[in-house]
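Undergrad: Pasting a structure below so you can have a look.
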Amino acid sequence: MSFSPSFLALQQATDALCREEVIACPTEAVWGLSCDPDSQAAVTRLLQIKQRPESKGLILVAAHIDQLDNLLAGLDPGQLDTLQATWPGPATWLLPHRDRVPSWVCGMHDTVAVRVTDHPVVSALCIAWGGPLVSTSANPGGALPAREAFQVRRYFGDSVSCFMPGRVGSLARPTAIRHLVSGDIVRS
């Protein structure tokens with residue numbers, strides 16, 4: 001997958017993120033909804049349109065491991081090696097957040113889900129944004145995740161202000177989520 005979004009598409013998306021809006025972009029397996037994780041208003045809006053309770057928490061996606069330095073500080077070398085062996089790529093890990101992320105991102109958990117993506121659109125977007133973004137599947141609670149942009153539009157209409165061009169990756173389902181400390185698979 002070699003598609004790279006244009007400067008204009010990235011500028012439109014980052015402008016929307018700065019306005020605390022929700023955007024849609026293709027990810028490794030499905031279309032996702034993204035917003036600024038530091039904006040409570042943006043995350044609240046995303047949760048409302050998705051019909052998802054804040055208590056469940058959300059995934060942070062980054063372009064490279066350096067964008068997660070704050071969350072990786074304090075992990076032991078073996079844990080860092082585990083992460084580096086799977087990133088960039090379709091591996092989502094639950095890390096202890098040590099109160100370094102807002103409650104509207106981690107929900108009721110003492111961990112936060114993070115991924116360093118290898119999807120070219122999401123990666124370019126995180127680079128243009130300058131840090132990690134919220135990433136959650138583009139579907140209302142209980143509905144199938146969207147695999148095409150038209151499905152996102154059907155689900156959410158004008159509630160999503162910007163659509164990044166591109167296609168989803170080759171995964172058949174959203175990424176597995178593993179707990180870094182226990183090694184348990186939380187979502188397969």
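Undergrad: Among A24, Q12, L71, whose Cα lies farthest out toward the positive end of the dipole of the chain, if unit charges sit on the beta carbon of Lys, Arg (+1) and Asp, Glu (-1)?
TA: Final value for the positive-end residue is A24.
Undergrad: What is the spin-label model distance, in nm, from L8 to D81 if the labels are put 7 Å beyond Cα along the C-beta direction?
TA: Result for the modelled spin labels: 4.9 nm.
Undergrad: Here is a further query. In region 1-97, which trypsin sites (Lys or Arg not before Pro) are in a loop and have at most 16 other Cβ atoms within 10 Å, using DSSP for the loop call?
TA: Answer by residue number: R19.
Undergrad: In whole angstrom, how far apart do the alpha carbon centroids of region 2-69 and region 166-188 sit?
TA: The distance from the Cα centre of region 2-69 to that of region 166-188 comes to 18 Å.
Undergrad: Rounded to two decimals, what is Rg over Rh for region 27-123 when you use alpha-carbon atoms and the Kirkwood radius?
TA: 0.95
Undergrad: In a GNM of the chain with a 10 Å cut-off on Cα contacts, which of R147, R115, R98 has the highest mean-square fluctuation?
TA: Of R147, R115, R98, the Gaussian network model singles out R98 as fluctuating most.
Undergrad: Relative to the first principal axis of the alpha-carbon coordinates of the chain, what is the inclination of helix 40-50, with its axis defined by its Cα atoms, in degrees from 0 to 90 and to the nearest 10?
TA: Tilt of helix 40-50: around 70 degrees.
Undergrad: Another one. If each of H109 and D66 carries a label point 7 Å out from its Cα toward its Cβ, how far apart are those two points in nm?
TA: Once both label points are built, they end up 2.7 nm from each other.
Undergrad: While we're here: Starting from 0 in steps of 5 Å, tell me what percent of the Cα-Cα pairs of region 7-187 lands in each bin.
TA: 1, 9, 19, 23, 23, 15, 7, 3, 0, 0
Undergrad: I would also like to ask the following. Taking other Cβ within 10 Å of each residue's Cβ, how do L180, L171 sort, fewest first?
TA: Least crowded to most crowded, the residues run L171, L180.
Undergrad: By count of other Cβ within 10 Å, fewest leading, how are L83, L144, L75, L58 ordered?
TA: Ascending number of Cβ neighbours within 10 Å: L144, L75, L83, L58.
Undergrad: List H97, H64, H119 from most exposed to least, where exposure is judged by having the fewest other Cβ atoms within 10 Å.
TA: H64, H97, H119
Every number here is computed from the coordinates shown, using simple stated rules; none is lab data. Remember, it's a predicted structure, so these values are computed and weren't measured experimentally. Cβ sites come from the backbone with ideal geometry, for glycine too, and all protein chains shown count toward neighbours.
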